[in-house]
Ligand code: 5GP
């Protein structure tokens, strides 16, 4: 392949990849592996929130922790792609890093639940690819939650109840991965992302390329 063609093929619009799942289905592991495999091509969207950091959470890595005043200002100045109130706190997706990434041919991955996915679909349906991760069984999901030593029995019971509500939204997603085996699930994820990147509408270089072909280039 001509080197020039390789350069042209970098001119694509990035994807917004939403990965949702019930807690314990492997979403965080899949997200981490995907980011490790694609350090130059995929970034993780970091949300802004008005809640206080939990022990171990780091500013700019887990969230941007902001005051309610700053959050209101971000809404007023249209700096958030979407935002929601969850219990007593506000959460939102900063618009700037997402738009810069998409224009720079990078994909952005969002670790949000079904409500966040719906909001992102309203804000940017054309750029969005929605993927839902299911566990192979509810027993398996519970075992994975129990294996996380840090969670109390009460937390596990609450998460299992929330899982069923989250799973009920599976049909709102473009793709569903049943995560029975991590390697197989990763392969499915790679194929989805590769196919979505290949879509004609995202291949901004194709128009000029075809024009050069037909004009004897
Ligand atoms: P937590 O406080 O446990 O980190 O998150 C609470 C909830 O807020 C989760 O359900 C999470 O999916 C949601 N959340 C986190 N960031 C965002 C965001 O940027 N937008 C929306 N709509 N929800 C978010």
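Where a number appears in this text, it was derived from the coordinates with a stated rule and is not lab data. What you are looking at is a predicted structure, and each value in this text was computed from that prediction instead of being measured. In this analysis, Cβ positions are derived from the backbone assuming ideal geometry, glycine residues included, and neighbour counts consider all displayed protein chains.
Taking every eigenvalue of the Cα gyration tensor of segment 42-117, multiplying by 5 and rooting it, what semi-axes result, largest first, whole Å? Please report the intermediate quantities before stating the final value.
Values: eigenvalues 79, 44, 29 Å².
Here the semi-axes work out to 20, 15, 12 Å.
Compute the acute angle (0 to 90°) between the alpha-carbon long axis of helix 114-124 and the principal axis of greatest extent of the alpha-carbon atoms of the chain; round to the nearest 10°.
The helix 114-124 is inclined about 30 degrees to the chain.
At a threshold of 8 angstrom on Cα-Cα distance, excluding pairs fewer than six apart, so keeping six or more, what relative contact order does segment 76-217 reach in percent?
Details: 88 pairs, mean separation 26.2, N = 142.
About 18 percent, as a whole number.
Using the number of other C-beta atoms within 10 angstrom as an exposure proxy, rank 66, 191, 176 with the fewest first. Present the calculation step by step, with values, prior to reporting the outcome.
Values: 66 19, 191 11, 176 14.
Ascending Cβ contact count within 10 Å gives the list 191, 176, 66.
Using only the alpha-carbon atoms, how far is helix 182-198 inclined from the longest principal axis of the chain? Give it as 0 to 90 degrees, nearest 10.
Rounded to the nearest ten degrees, it is 40.
With bins 10 Å wide starting at 0, give me the P(r) of segment 167-211 over every alpha carbon pair, in whole percents.
Reading upward from the zero bin: 23, 35, 26, 14, 3.
Order these by the 10 Å Cβ neighbour count, fewest first: 110, 87. Show your work: numbers first, answer last.
Values: 110 22, 87 5.
In order of increasing Cβ crowding within 10 Å: 87, 110.
Take the alpha carbon atoms of segment 1-72, find their radius of gyration, then divide it by 2.2 N^0.38 Å using N residues; give the quotient. Before the final figure, lay out each step's value.
Numbers: Rg = 17.3 Å, N = 72, 2.2 N^0.38 = 11.2 Å.
Cα Rg divided by the expected 2.2 N^0.38 Å: 1.54.
Where both residues lie in the chain, what percent of DSSP beta bridges are antiparallel, nearest 5? Before the final figure, lay out the partial values.
Values: 9 of 27 bridges.
Just about 35 percent of them are antiparallel.
Can you pull the one-decimal nm distance between simple spin-label points at residue 75 and residue 213, each 7 Å off the Cα toward Cβ?
Computed distance between label sites residue 75 and residue 213 equals 4.9 nm.
With a cut-off of 8 Å between alpha carbons and a minimum separation of six or more residues, what is the relative contact order of segment 1-146 in percent?
On the way: 212 pairs, mean separation 59.3, N = 146.
About 41 percent, as a whole number.
Starting from the Cα gyration tensor of segment 91-193, take the square roots of the eigenvalues, sort them a ≥ b ≥ c, and report rounded, prolate or oblate (rounded when a/c is under 1.5, otherwise prolate if a/b is larger than b/c, else oblate).
Details: a/c = 2.05, a/b = 1.63, b/c = 1.26.
Judged from the Cα gyration tensor, segment 91-193 comes out prolate (a/c at least 1.5, a/b above b/c).
Taking only Cα atoms of the chain, what ratio of Rg to Rh do you get with Rh as the Kirkwood inverse-distance radius? Please list the in-between numbers first.
Details: Rg = 19.3 Å, Rh = 19.0 Å.
Using Cα coordinates only, the ratio equals 1.02.
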